[in-house]
Amino acid sequence: MKLSINFLKDYVDLDKDIDVVKLAEDMTNAGNEYDEAGKLINATKLVIAEVVECKEHPDSDHLHCCKVNTGKEILNIVCGAPNVRKGLKVILALDGAELPGGTIKRGVIRGEESNGMICSIAELGLESKFLTEEDKAGIHELPQDAPIGKDPIAYMKMDDSVIDFDLTANRGDLLSILGMAYEVGAIYNKKVKDIDISHKENKEDINDKFKVKVNTDNCSIFLSKKVKNVEIKESPAFIKNRLIASGIRPINNVVDISNYVMLETGQPLHFYDADCLKDCLEVRMAKEGEKLTTLDSIERTLKSEDIVISDGTKAIGLAGVMGGLETEITDKTKNIIIEAAIFDSVKIRRTSNAILRSEASNRFEKGLDSNRTYMAIERSCHLLEKYANAEIVGEIAKYDTTEKDDKVIDITAKNINEILGMEIPEKDILDVFERLGFKATVRNDVITVSVPRRRIDIAIKEDLIEEVGRIYGVNNIKGKLPDILPKMGSYDKVLRQVRNKMVDLGLNETLSYILVPDTDAKMFTADDYETVKLLDPLSKDKNTLRHSVSIALYKIYEYNKARNNKDVSIFEIGKSFQKQGEEYSETQKLAALMAGEYYLGIEKRKVDFYIIKGIAEEILDYLGYNGRYSFIKGKEKLPKDMHPGQSAIISVNNDNVGIIGKVHPEIELEDVYILEIDLDKLLAKKVSKMKYKEISKFPSIKKDLAIVVDKKLSAQEISVKIKKYAGSLLDSQEVFDIYTGKGIDDDKKSIAFSLTFAKQDRTLTDEEINEVMNKIIAGLEKDIKAELR
């Protein structure tokens, strides 16, 4: 929403030289952020001047040497505009003038002195859409009565400032000058002036010859008035300039008035050429495949979900979005039907997304006040009478099912102060409501607040609490220490612990979008769930809820890789989303991605499968699943995006809880490793309290065991057998060598384990260790046909 400060001043008294940036900051403190604030024409050292002499440049076929009277002196100016001539009143930028395009400096152009620049409107910073064809072709020509030596911006009544607000979706009331006036009035404690809707009406009754029909529940109010004998001409300067400041191109007085009233009240209007109608306006749903040529001369094919305006037989307008070409206002229009209505916001949103987003549709989408609908139609009659010499036909043709009364909400000062953590006196609370334009009465400590319908965002007492907080000022909240000692809550306690552990392991946390392209939604998953797509996505690359958190990490890796950062160690705790039949579900997951080099303590190592496996083991051990998990390779279905030879399923209590491994080379040529654990499933497996034991005071004994086994056997399977036969004396075991090659059969492999034996209460003897080793060897020979190497 672009707010013209001159427009705002029509309805709330502000200081003449108010600082527009301070106003924007004060609005931001009240919860209304802005993108930009400044002058409409941001130029300095401009003056109205007259060309008193104009000759061709002796060394150019298109330049002119001019003498220009500034009221104080005659200056030599070189000008290349084709329309420059003697006697012309112009805008002159003097030496040192600051324009949007740069600083104007005195100089010599092809041997001729030039002490400034005669300006076009474009050179003052206005967009091309606001320029006439004459202004596009050359310098701007001022009227002959323009006073020499005066400020041209003030003379053209373009000495305005503009704030471009980035409003929240719930504040549709601020898409109007009146809405902004109430907001500014509340901040500065200023009263808002009434809008002038006065006009005369003839003795006719529009209802005698004109009918309104509404044949859909998607229209709650529809008003029509008729005006006769309008004069189509140029709008007054103040209307044109305020439209320009608001980002709307002026066209003619009638069309400009419809836009002007929309900006004033927030209620979009549509004007029809009454002589092109059949004395009827009907609101209905479009027929599937129905055709309509809109004002931009494009033939549209409509859907049954679109709301249309009909003349009783065929569609002549797309409700809330764009009118039809057949009934548009032209230079020959004499009689007008004015439409003011409220349509279903969801329907308008969908239609405008499919066809065209406009200033009008933006307002319909956010909701409108039906009281303003009446105000807007009467205001347009006032302006048409005043600036188009229109004759207003009596009465209104209408359909209306809307509520008009204020919304009544009961609240107490205690409610407000408990939520805000403040001690605001009741009289100050009542003052805030008065400044907002709300009526408030007090009885037995209960404040009854009447909220005008214009504030569509306020429905419950919590909304009123927010209003008090932001208008009273969050800066006025005094900080105080809590009365009790803080302690960690139970909510997401484990997730925070996992997060801290991952950071301790040297990985960086990310926060990513849950929306991904539908083509990528099921990457790194092998489930049978359906994807969950958005009905109305903002863009094609964010149209589906992700199945896996790893896809987000992989996109982050790609971003870093494209910028020559290949050392990536990141993790995220986030949700994935699934659908099965009509059931929707979401799952909390831990995902990690590692590539390039990784600092392991003070040592820098290249990431491989065993690094990411170590991360998984650290997390599982930390959560208390030590001895209950395994990594299963090749026996379960892995995602097709994972390398089949360097990936595994993470199993806890024989239940698959995640995946680990390398990204498939068809997707990524670099060595990229991924870990993903379903935390909901994992944490549902209860663990007993952690038990700690002292490090033994007695020395441990290490023995190496190298065996030749079938190539298909995994180290995990062999490890389980070793533990089975070693019993309680075995403290730990580790694979330190795998060999295939000379001396080993093709279907065999040699695998070597380092076994550590220890006892808490004594030193083990050689006889005990030898007995256990023999038992292990015999068991392995029996169970897996192992041979000592």
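The values are calculated or read from the model by the stated rules, or taken from the named source; none is laboratory data. If you're wondering where the values come from, they're calculated on a predicted model, not measured in any experiment. Cβ coordinates were reconstructed from backbone atoms using ideal geometry, including for glycine residues, and neighbour counts include every protein chain displayed. SASA here: full protein model, heavy atoms, side chains in, ligands and nucleic acids out. Shrake-Rupley method; radii C 1.70, N 1.55, O 1.52, S 1.80 Å.
Which peptide among 217-223, 498-504 comes first, and what is the full order, when sorted by highest mean count of other Cβ atoms within 10 Å? Don't jump to the answer; show the numbers that get you there.
Working: 217-223: 19.3, 498-504: 15.9.
Result, highest mean first: 217-223, 498-504.
Using amide H atoms built 1.01 Å from N in the peptide plane, name the residues 5+ places from GLY116, or on other chains, whose amide H lies under 5 Å from its own.
VAL78, GLY107
Return the whole-Å distance between the Cα centroid of the stretch 284-310 and the Cα centroid of the stretch 101-151.
After rounding, the separation between the Cα centres reads 45 Å.
Towards the positive end of the charge dipole of the chain, with charges on Cβ (+1 Lys, Arg; -1 Asp, Glu), say which of LEU481, ILE447, ILE573 has the farthest Cα.
ILE573
How large is ³J(HN,Hα) for each residue in the stretch 578-592, as worked out from phi by the Karplus curve 6.51 cos²θ - 1.76 cosθ + 1.60 (θ = phi - 60°), to whole Hz, x for Gly and Pro?
9, 9, 9, x, 9, 9, 9, 8, 9, 10, 7, 10, 10, 10, 9
Determine the dipole magnitude for the chain: charges of +1 sit on the beta-carbon of Lys and Arg, -1 on that of Asp and Glu, nothing else is charged, the reference point is the Cα centre, and the result goes in debye to the nearest 20.
My answer is approximately 1920 debye.
Hey, for a label at GLU787 modelled as a point 7 Å past Cα toward Cβ, could you say which residues of the stretch 701-721 have their backbone N under 18 Å away?
705-713
Given a 1.4 Å probe, how much area per residue of the chain is accessible, in Å²?
Value for the chain: 52 Å² per residue.
Mind scanning LYS540/LYS561; LYS414/LYS461; LYS613/LYS689 and naming the pairs with a C-alpha gap bigger than 18 Å?
LYS540/LYS561; LYS613/LYS689
How large is ³J(HN,Hα), in whole Hz, for each residue of the stretch 535-543 in order, when computed from phi with the Karplus curve 6.51 cos²θ - 1.76 cosθ + 1.60 and θ = phi - 60°, using x for Gly and Pro?
6, 9, x, 6, 8, 5, 7, 9, 10
Restricting attention to the stretch 161-236, which trypsin sites (Lys or Arg not before Pro) occupy a DSSP loop and are surrounded by at most 10 other Cβ atoms within 10 Å?
LYS200, LYS203
Run through the stretch 491-570 and list the chymotrypsin sites (Phe, Trp or Tyr not before Pro) located in a DSSP loop whose Cβ has at most 12 other Cβ atoms within 10 Å.
Those that pass, being in a loop and sparsely packed, are TYR491, TYR513.
Among the listed pairs LYS190/LYS407; LYS637/LYS782; LYS157/LYS193; LYS493/LYS681, which have their C-alpha atoms separated by more than 19 angstrom in this model?
Table pairs above 19 Å Cα-Cα are LYS190/LYS407; LYS637/LYS782; LYS157/LYS193.
Could you list the trypsin sites (Lys or Arg not before Pro) in the stretch 640-737 that lie in coil according to DSSP, counting only those with at most 10 other Cβ atoms within 10 Å of their Cβ?
Answer in residue order: LYS686, LYS689, LYS691, LYS693, LYS697, LYS712.
Quote the FRET efficiency, to the nearest 0.05, computed for LEU535 versus VAL720 with a Förster distance R0 of 56 Å and r equal to the Cβ-Cβ distance.
0.65
Mind grabbing the base-10 log of I(q)/I(0) for the stretch 653-789 at q = 0.17, 0.18 Å⁻¹? Debye formula, identical points on the C-alpha positions, no solvent, two decimal places.
So the normalised log intensities are -1.08, -1.11.
Taking the Cα centre of each part, how many Å lie between the stretch 714-778 and the stretch 50-66?
101 Å
With viscosity set to 0.890 mPa s at 25 °C, what whole-number translational diffusion coefficient in µm²/s follows for the stretch 1-153 from Stokes-Einstein and a Kirkwood radius over Cα pairs?
Details: Rh = 17.3 Å.
Answer, rounded: 142 µm²/s.
Arrange the peptides 140-149, 75-84 so that the one whose residues have, on average, the most other Cβ atoms within 10 Å appears first.
Numbers: 140-149: 14.1, 75-84: 18.9.
In decreasing order of mean packing, 140-149, 75-84 become 75-84, 140-149.
Which Cα, out of HIS64, TYR472, VAL652, lies furthest along the positive dipole direction of the chain (beta carbon charges, K/R +1, D/E -1)?
Selected residue: VAL652.
Which one, ILE91, VAL321, ASN417, projects farthest toward the positive side of the charge dipole computed for the chain from Cβ point charges (K/R +1, D/E -1)?
ASN417
For the stretch 80-87, what does the Karplus curve 6.51 cos²θ - 1.76 cosθ + 1.60, with θ = phi - 60°, yield as ³J(HN,Hα) per residue in whole Hz, taken in order and with x for Gly and Pro?
Karplus values, whole Hz, x for Gly and Pro: x, 6, x, 9, 6, 6, 5, x.
Around THR412, which amide H atoms from residues at least 5 apart in sequence, or from another chain, sit under 5 Å from its own amide H, with H modelled in the peptide plane?
ILE447
So for the pair ALA459, GLU434, with labels modelled 7 Å out along Cα→Cβ, what separation do we get in nm?
That separation, rounded to one decimal, is 3.1 nm.
What is the ratio of the Cα radius of gyration of the stretch 607-692 to 2.2 N^0.38 Å, where N is its residue count, to two decimals?
Numbers: Rg = 13.5 Å, N = 86, 2.2 N^0.38 = 12.0 Å.
Rounded to two decimals, the normalised Rg is 1.13.
At q = 0.05, 0.09 Å⁻¹, what log₁₀ I(q)/I(0) does the chain have when each alpha carbon counts as one equal point scatterer in the Debye sum?
-0.49, -1.04
Restricting to Cα pairs below 8 Å that are 6+ residues apart, what does the relative contact order work out to for the chain? Please round to a whole percent.
Values: 1545 pairs, mean separation 65.2, N = 789.
The value is 8 percent.
For the stretch 358-433 and the stretch 257-278, what is the separation of their Cα centres, given in Å?
19 Å
How many percent of Cα pairs in the stretch 654-694 exceed 14 Å?
64 percent
Roughly how many debye, to the nearest 20, is the charge dipole of the stretch 102-249 about its Cα centre, given +1 on each Lys and Arg Cβ, -1 on each Asp and Glu Cβ, and no other charges?
Using only the charged Cβ atoms, the result is roughly 460 debye.
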